[in-house]
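Heads up, the thing below is written out as structure tokens.
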Amino acid sequence: MASKREELEQRLLEQAQQAIRKLLDELPEVTDLTLSDMEKATGVMGQAIMQASLQHLIETHQAPSPAELQCRHCRKRLSRRGKRKKRVVTLRGEVEVERVYYVCPQCGAGCFPPR
């Protein structure tokens, strides 16, 4: 059985291979290739690999949800209401983060637990 690290490495390698294939498919004919074409193509590929790598790392290194949380307003125990996805803009592009959402059964206040 592969370790988490080996699985992550395999996913990242697959993503890099896809980005390389896309780069090669979208390049103009070699005789027409300019330095600007090369720079643009490798920049797009690098951005795609960076963003996919960040997304994979986020998915595999999610912090566990706390077992119990209290409402900030009325101090009642919060009820877990499933996971919610959110697009987050980072220094390296947009990624999707999934976190558990909690709601207070008494006052209805909702929150995501702090990280």
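The values are calculated or read from the model by the stated rules, or taken from the named source; none is laboratory data. Since this is a predicted model, take the numbers as computed values, not measurements. Cβ placement follows ideal geometry from the backbone for every residue including glycine, while neighbour counts extend to all protein chains displayed.
Condition check: surrounded by 13 or more Cβ atoms within 10 Å (Cβ to Cβ) and free of Cβ contacts under 8 Å to residues at least 40 places away in the same chain. Does Ala52 satisfy that? Judged against the criteria, Ala52 is not a match. Can you name the residue in region 59-99 that is surrounded by 11 or more Cβ atoms within 10 Å (Cβ to Cβ) and at pLDDT below 80 and is also nearest to Ser3 (Cα to Cα) among such residues? Residue satisfying both the conditions and the ranking: Thr60. Look at (1) within 21 Å of the chain's Cα centre (by Cα); (2) among the basic types (Lys, Arg); (3) at pLDDT 85 or above and you find that Arg21 fails only one, number (1). Pairing each residue of region 2-21 that is farther than 19 Å from Gln47 by Cα with any residue that is assigned to a helix (DSSP H, G or I) and charged (D, E, K, R), provided the two are 6+ apart or on different chains, yields no C-beta distance under 8 Å.
Condition test on Val103, is it under 30 Å from Gln10 (Cα atoms), at pLDDT 85 or above and not acidic (Asp, Glu)? No; evaluated as a whole, the condition is false for this residue.
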